[in-house]
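See structure below.
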RNA sequence: GGCCCGUUGGUGAAGUGGUUGAACACACAUGCCUUUCACGCAUGCAUUCAUGGGUUCAAAUCCCGUACGGGUCACCA
């Protein structure tokens with residue numbers, strides 16, 4: 001039997017050979033510097049902050065070099081797969097407004113972009129390796145493997161399938177054929193040419209040079225389910241898809257020597273690598289990787305629900321990804337992420353603690369810079385999904401709401417109170433009669449002079465007053481009820497007055513909004529209008545009885 | 001345990017041998033301003049860069065050891 005026939009016996013039913021695939025996926029027509037990147041998640045759950053972070057780097061590097069970002073689903077472990085996992089990932093990205101150049105449902109000429117659909121491709125390359133005597137069948141059972149592991153532990157030897165521990169490695173072709181004919185189960189392993197005592201130096205775009213021993217493990221490349229392991233699929237896919245830059249989590253650096261060897265054995269050119277540090281979270285005294293199950297705020301759906309836009313998340317990710325981004329953005333507030341040039345060597349090397357405070361702060365700045373009409377559109381869209389009652393009010397009072405949202409907005413330093421669309425109701429609900437008369441709760445402990453309030457609105461307040469006139473009228477009113485017209489005067493001799501002008505404003509504010517803290521009172525009154533102010537003061541009076 | 005990587009304030013960090021008295025941003029604290037909150041302004045927050053040693057005229061920056069933290073050692077990715 002020739003080696004070719006041998007490989008066909010071991011890996012049956014493969015339609016094409018490697019030459020077919022090499023021709024089918026020709027080199028990409030790239031200009032110098034254009035990067036082809038790929039984000040390669042397993043469909044084991046939905047997209048979360050950690051994966052978003054990794055994909056952000058892929059997307060950004062491809063876009064700024066005018067290259068290509070692919071989405072590739074790594075579903076060679078069918079046991080772990082979640083129902084609708086692939087759809088879930090694709091939809092999450094689409095909902096976030098994130099588009100890849102290539103990938104499932106994104107198109108592209110180098111697909112399929114789902115590994116479970118690429119079985120034949122991998123098998124063709126496995127066959128090639130067997131033919132060249134660079135891979136061999138292994139008939140060891142899980143029990144046998146377990147046993148050698150125990151012995152290795154006992155002897156304090158390195159654990160794994162290598163050297164003399166690799167029993168099946170020395171099997172002759174005839175012995176192997178015999179076993180196959182007897183129906184023995186097998187998988188395919190790499191015949192590692194490496195020597196543990198040799199060192200390989202691998203260059204990482206982020207971490208710099210990393211030196212480690214050569215791989216000498218005869219790792220599994222084709223599993224009993226006829227699908228490849230990650231390592232093998234990685235080499236074949238990134239070769240065939242012509243990835244120029246492999247950007248992945250740094251949990252992969254420890255198996256990097258395996259990948260390096262695989263590329264060499266397969267005769268592939270190695271892409272450049274960038275291993276990004278994980279997003280971490282502090283738990284007690286320890287730090288751990290972000291987890292979707294333990295950290296609810298890690299799921300992207302969390303941001304969706306709160307109404308934190310993708311732009312904000314991107315800004316945050318940009319901030320932690322490139323140390324110089326933040327100060328650049330501060331100096332160029334009119335520019336965006338697309339105008340900034342990200343560099344691998346500016347990426348964090350150790351783990352990055354996820355800081356929700358920082359994200360919220362970025363969000364507040366983002367919202368404060370939004371035009372009222374744009375904010376309105378956003379809230380409208382958000383509430384349609386999460387708060388229908390408010391949504392209806394917004395539709396009904398469009399112009400009014402835009403005016404309300406514009407209070408203290410078009411000024412050099414706008415308010416920074418809104419951090420998510422869900423906050424908008426919290427800050428504006430009292431401006432709607434439908435909500436005010438239903439939900440206003442007054443603190444009845446504190447007594448306010450209702451007579452003063454009525455006097456004020458009936459005899460002093462005028463909708464057409466300028467802000468200065470408005471304020472002067474309150475000053476005018478103050479002495480009549482024993483209040484100090486000037487804050488300073490009150491501070492100097494508090495015993496001479498019932499209160500200061502600030503207390504009058506507080507009374508008006510509470511009566512009209514039920515709150516002690518609101519944006520500019522003058523603007524609020526103006527938007528409410530005299531009639532509604534009167535109604536509210538009456539309501540306030542009733543509530544205090 | 002083996003092999004990798006990391007360690008600058010509450011957080012993210014700047015920094016690659018000498019204008020660093022260790023930027024900047026977030027957070028926090030105090031005060032001022034003020035119709036509230038916010039904004040703004042002012043001030044405070046690492047006598048020191050995990051630690052011990054070495055190289056050097058000079059070290060957060062280079063070298064070695066130690067401690068601590070993280071990753072990884074599957075027919076999982």
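None of the figures in this text is laboratory data; all of them are computed from the coordinates on show. Note that the coordinates shown come from a computational prediction; the quantities given were computed from them, not determined experimentally. Note: ideal-geometry Cβ built from the backbone for every residue, glycine included; neighbour counts use all protein chains shown.
For this structure, a couple of remarks:
- Taken as Cα centroids, region A:411-459 and region A:43-90 sit 45 Å apart, rounded to the nearest whole angstrom.
- Cα-projected label distance for residue A:343 with residue A:255, points at 7 Å along beta-carbon direction, nm: 3.3
- Packing here is the average count of other Cβ atoms within 10 Å per residue, and on that basis the peptides A:489-501, A:100-112, highest first, run A:100-112, A:489-501.
- Taking each residue as 0.36 nm, the span from residue A:196 to residue A:411 lengthens on full extension beyond its C-alpha to C-alpha distance by 70.8 nm.
- In this simple spin-label model, placing a label point 7 Å from the Cα along the Cα-to-Cβ direction at both residue A:209 and residue A:534 gives a separation of 8.5 nm.
- In this structure, residue A:369 and residue A:433 have a Cβ-Cβ separation that, at R0 = 30 Å, corresponds to a calculated FRET efficiency of about 0.50.
- For A:236, A:14, the sequence from fewest to most other C-beta atoms within 10 Å is A:14, A:236.
- Per residue Cα convex hull volume in Å³ - calculated over region A:78-160: 188
- Here's the picture: a label point sits 7 Å out from the Cα of residue A:87 along the beta-carbon direction, and within region A:285-326 the residues with their amide nitrogen under 19 Å of it are A:301.
- The slack between residue A:181 and residue A:498, meaning 0.36 nm per residue of separation minus the straight C-alpha distance, is 103.8 nm.
- Applying 1/(1 + (r/R0)^6) with R0 = 35 Å to the Cβ-Cβ distance of residue A:400 and residue A:491 gives a FRET efficiency near 0.40.
- Rg/Rh, computed from the Cα trace of region A:286-368 with Rh as the Kirkwood radius, has the value 0.97.
- Rounded Å value of the spacing that divides the Cα centres of region A:242-258 and region A:365-397: 43
- Separation between Cα centres of region A:104-176 and region A:481-498, rounded to whole Å: 86
- Reciprocal of mean inverse Cα separation for chain A (Kirkwood radius, Å): 28.6
- For peptides A:471-477, A:153-159, A:18-24, sequence by mean Cβ density within 10 Å, most packed first: A:471-477, A:18-24, A:153-159
- One quarter of the surface of the convex hull around the alpha-carbon atoms of region A:372-437 equals 4.2 nm², the direction-averaged projected area.
- Residue-span extension gain [residue A:388 to residue A:155] - 0.36 nm each, minus C-alpha spacing: 77.1 nm
- Distance histogram for region A:440-544 (every C-alpha pair counted, 10 angstrom bins, percent rounded to whole numbers): 15, 49, 32, 4
- Interatomic Cα distance distribution for region A:485-545, bins of 10 angstrom, percent: 21, 41, 29, 9
- When the P(r) is computed for region A:357-514, the part past 20 Å accounts for 62% of the Cα-Cα pairs.
- Cβ-Cβ distance of residue A:476 and residue A:527, R₀ of 25 Å, FRET efficiency by 1/(1 + (r/R0)^6): the value works out to about 0.65.
- Computed on the Cα trace of region A:415-464, the radius of gyration divided by the Kirkwood hydrodynamic radius gives Rg/Rh = 1.09.
- Inter-label distance for residue A:467 and residue A:28, nm, one decimal - labels placed 7 Å from Cα along Cα-to-Cβ: 5.3
- Counting beta carbons within 10 Å around each of A:63, A:416 and listing the fewest first gives the order A:416, A:63.
- Rounded to 5, percent antiparallel among DSSP beta bridges of chain A: 55
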